[in-house]
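The values are calculated or read from the model by the stated rules, or taken from the named source; none is laboratory data. Worth saying up front: this structure is predicted, and the values here are computed from it rather than measured. Here the Cβ is made from the backbone with ideal geometry for all residues, glycine too, and neighbour counts use every protein chain on show.
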Amino acid sequence: MVKYWKMIVFIVMLGLGVVAAMLNSIGILMAVCIMLIPLIFLLDLEKIEYILWIGIVITSFFGSYLGLSGNSSIFLFRILLLLHVPLFLWSVSRNRLGYSKIEKVIVILIVLWLFGNVASMLWASYISATFRYLYFVFEAGYLMMITLYHVRSKKDLAIVTYFISAVYGFCLVIGMIEVLTGWHMSLSGNVLEYTQERHKYRPAGLQYNYNDFGAFLVMFLPLVVWGIHTWRWRGKYLFIAAVIGISGFLVINTFSRVSMIMLIVEVVLLLVLWFRVWGVIASFVGLLVVVSINVLQLGAANSSLFTDVISAFTEKGNSTSERMMMYQKTMQIISDSHFLGIGVGNVPIALNNSIMGHGTLSNAYRAPHNFILESVGNIGLWSSFLFAVVVIALILSVKYLWMHMQNGFFAVIPVLVVAEFLSASVGISTIIEIRFLWIALGLVLAIVCNQAFWRRDGKWEF
């Protein structure tokens, strides 16, 4: 009788959801909420919470592409996040958030960082800017904590890696189409802002601009390679070679200098840790081949890969000078605030006013392209709590690499991800809005903090 009652409730709620979706675009939001309610009757709350977490990870890469028609600020990621919060709090009340002392320390540091951002509203000059920035701060902290909570072993990591790899492959396809045809996704910066001919063939994938896309490719390449390596199919090495080759080609076409450097480091470490002496030889041979080949004609305007790499490092003098100027202006803002900060989300506006020499009615803003300076300028010494999390992740990553060098490439993944996170903090205009960076940092924290990854009995080895 209970089963029939659950089925009746499910059918009724499903019908209401379909009707709501047919009424208008806002009805889609109602439909999602209504159709999720029956899951409470059909599944237990812990399974629902876990499914929502997987959904959050997947939809975080798509952003506004999964938004409501006519209102791109309301999209599936935010809907799932809103639904997940009460279930996560309920789940945490039944299970411990931190299983080890270091996990508890990290959670406390993240909470203190969140509190510092909220407290800085008391002395912020531009209150309207604080709410938007605070939301992204909440997203960043929440994504780190729920990832740390759910990834308890290599088995858990493998599951989320499979989903990330699927999105990664989809982005590789989009990137290749962009480079070869000049077509871009509708919300890409190449369509909305960067309309110059020189940007026509630069890939952005699901991201807004090519620097973000380059960071995405380099950030998850080690994890995707490890995920493919766990396959039992012998042809997996062909897939690994294809993924690395296509990723490298797309990173070069993004003209992101930081991403190019990180890509070289990742590929060299991959060869050395997996193939030892032969990997070192292959690295030198590969370098000689890349330097000597200047006839590979791919991409726009018949430009070669070699020429693209050289121009990326030699033809960005104006960009480098502009960033140095923004760094100086931001440091002046920090100094004037006596390291107390000028309020969460206020640095971009103050920086733009400083550069322009006057304020604007619309409170126009300009990101400082340095998250460390931006954080200190916003909330002062409160930012040290977040920096402590990153430093802990880096130290434990190095320790993990030292103790598990025999495990090959997997041991170096945490170090590479933290290094890419730090490089992205200066390579991207502002990382607070880039969700995949915080998910990646959460994965690193899970690996280096959870005891399951430190086991020596091989239980979680593939």
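For this structure, a couple of remarks:
- Output for segment 319-349, where each listed residue is in contact with a Phe, Trp or Tyr (Cβ under 8 Å, 6 or more places away or on another chain) and at negative phi: 340, 342, 344, 346, 348, 349
- Selection within segment 127-183 - over 21 Å from residue 51 (Cα atoms) and not hydrophobic (A, V, I, L, M, F, W, C): 128, 130, 132, 133, 135, 169, 175, 178, 181, 182
- When 105, 111, 57 are checked against the criterion of being over 17 Å from residue 443 (Cα atoms) and among the aliphatic types (A, V, I, L, M), 111 stands alone in meeting it.
- Of all the listed residues (57, 111, 92), the sole one being at pLDDT 85 or above and surrounded by 14 or more Cβ atoms within 10 Å (Cβ to Cβ) is 57.
Here's the yes/no breakdown for (1) more than 14 Å from residue 450 (Cα to Cα); (2) at pLDDT below 90; (3) surrounded by fewer than 19 Cβ atoms within 10 Å (Cβ to Cβ):
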position	(1), (2), (3)
101	no, yes, yes
104	no, yes, yes
118	yes, no, yes
127	yes, yes, yes
147	no, no, no
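- Of the residues making up segment 338-349, those that are part of a loop (DSSP other than H, G, I, E, B) and buried (at least 20 other Cβ atoms within 10 Å of the Cβ) are 341, 342, 343, 344, 345, 346.
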